[in-house]
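First up is the structure itself, then whatever we jot down about it.
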Amino acid sequence: MQLFKTLCYFIFCTLLLCNQAFSQDSVNIKSSVDSTVQIFNFNTASTIINTVNKQRVTWVAGAHIVGYVGSLAGLYTIWYKNYPQTNFHFINDNKEWMQVDKVGHAYSAYIESRAGLEMWKWTGMSKNKSIWMGGLTGAAYQTTIEILDGFSAEWGWSWGDFAANTLGSGLLISQELAWGEQRISYKFSFHKKKYTDEQLNERSNQLYGRSLPERMFKDYNAQTYWLSINLKSFFKQSKLPNWLNLAVGYGAENLFGPYANAWTDINKNLVIRNDWSRYRQFYIAPDIDFTRIKTKSKFLKAVFFALNAFKFPSPSIEFSQGKLRWNWIHF
């Protein structure tokens, strides 16, 4: 659910930007000019003259409100109303799912904040205002969802989730304030899992759904989250390609319950599968920063921006269960 909400919001923002993608270094103001201000080019940090487009500010603010209220209303209708409501309460789920869900929360906040940042930059707003208004988008949206969780008997307010959301938005904000760019991108990859044991396949279907989209959004065994580091931005005098990244990833395997591989089947029998050990996975792999591929096409810039939410498939080195493994291709 968490990832599905995030990607829908991210795609919505990308489509909104597609017509005027990343044109803040040459914003053309025809009318509705609020004021002329001096800002910094986010990519080159050179001082330029730019203006706030009042019409675009209205557009972006309206889009945020409509998207925010609409998504929450839809979320309540298709999700929360199916579960009993209760008084606001807290839960401690920090040890669940080997923290893959927490890493996913941070990713969600980061991606939402990045989309929000680009939208506010498009308005011609000053650097700091764009950073803070856009950067806090993810944390604010996720906090509202956390409040809904707090009133649901099925879940509850999680301080661990809140901290992860804050960390995700903080990763974006801190880089913009320090460097004026995203040198470290938060990314996601997925590969569908199928097991030789039919009992585990059925348990996966029960937990994570049967369709490919459901598995992509829910299956913690199939998800990998990456911090993708742009090498050229740290070694500016090198001859490395601008788009070349080195990514470090995290995932987990054999998760068939939040704390342990134990559950009750449809016949009310207790099933315990400790023969499938739960373990963490750490990866290192090459990657591509699509936003650093040069093109004059605004459409391609918007496409590259959307693609950059995902890790490019490539070979990877995996460290898990005390061993190093080579994966020829990692999705």
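Brief remarks follow.
- Only listed residue being under 23 Å from H105 (Cα atoms), modelled with pLDDT of 95 or more, among the hydrophobic types (A, V, I, L, M, F, W, C) and not assigned by TED's automatic domain parsing to the domain that holds Q175, chosen from L240, L244, L212, L227: L227
- Strands (runs of 3 or more DSSP E) wholly inside segment 219-331 containing at least 1 residues that are in contact (Cβ under 8 Å) with a residue 12 or more places away in the chain and either under 26 Å from the mean Cα position of the chain (by Cα) or more than 30 Å from D197 (Cβ to Cβ) (or both): 223-230, 244-253, 279-288, 314-320, 323-330
- Filter result for D149 (surrounded by fewer than 23 Cβ atoms within 10 Å (Cβ to Cβ), without any contact (Cβ under 8 Å) to a residue 60 or more places away in the chain and farther than 25 Å from K54 by Cβ): yes
- Those residues of segment 80-126 which are surrounded by fewer than 14 Cβ atoms within 10 Å (Cβ to Cβ), assigned to a helix (DSSP H, G or I) and in contact with a strand residue (DSSP E or B) (Cβ under 9 Å, 6 or more places away or on another chain), in sequence order: none
- Within segment 169-199, being assigned to a helix (DSSP H, G or I) and at pLDDT 95 or above holds for S169, G170, L171, L172, I173, S174, Q175, E176, L177, A178, W179.
- Pairs where the first residue, in segment 123-141, is farther than 12 Å from E176 by Cα and the second is among the aromatic types (F, W, Y) and modelled with pLDDT under 90, C-beta under 7 Å, 6+ apart: M133/W120; Y141/Y68
- The set of residues from segment 288-320 being farther than 20 Å from A115 by Cβ and crowded, with 21+ Cβ neighbours inside 10 Å comprises just one member, S316.
- Residue within segment 154-163 that is among the hydroxyl-bearing types (S, T, Y) and under 27 Å from Y259 (Cα atoms) present: yes
- Looking across segment 281-331, the residues that are within 18 Å of K232 (Cβ to Cβ) and in contact with a Pro (Cβ under 7 Å, 6 or more places away or on another chain) come down to A285, S314.
- Some residue of segment 208-226 being over 20 Å from F331 (Cβ atoms) and in contact with a Lys or Arg (Cβ under 8 Å, 6 or more places away or on another chain): no
- Yes/no for Y250 being of a type outside the set (S, T, N, Q) and within 16 Å of S108 (Cβ to Cβ): yes
- Each residue in segment 214-268 was checked for being of a type in the set (S, T, N, Q), within 30 Å of W179 (Cβ to Cβ) and buried (at least 17 other Cβ atoms within 10 Å of the Cβ), and 6 of them qualify.
The values are calculated or read from the model by the stated rules, or taken from the named source; none is laboratory data. A quick note: this is a predicted structure, and the numbers were derived from the prediction, not measured. All Cβ positions, glycine included, derive from the backbone under ideal geometry; neighbour counts span all protein chains shown.
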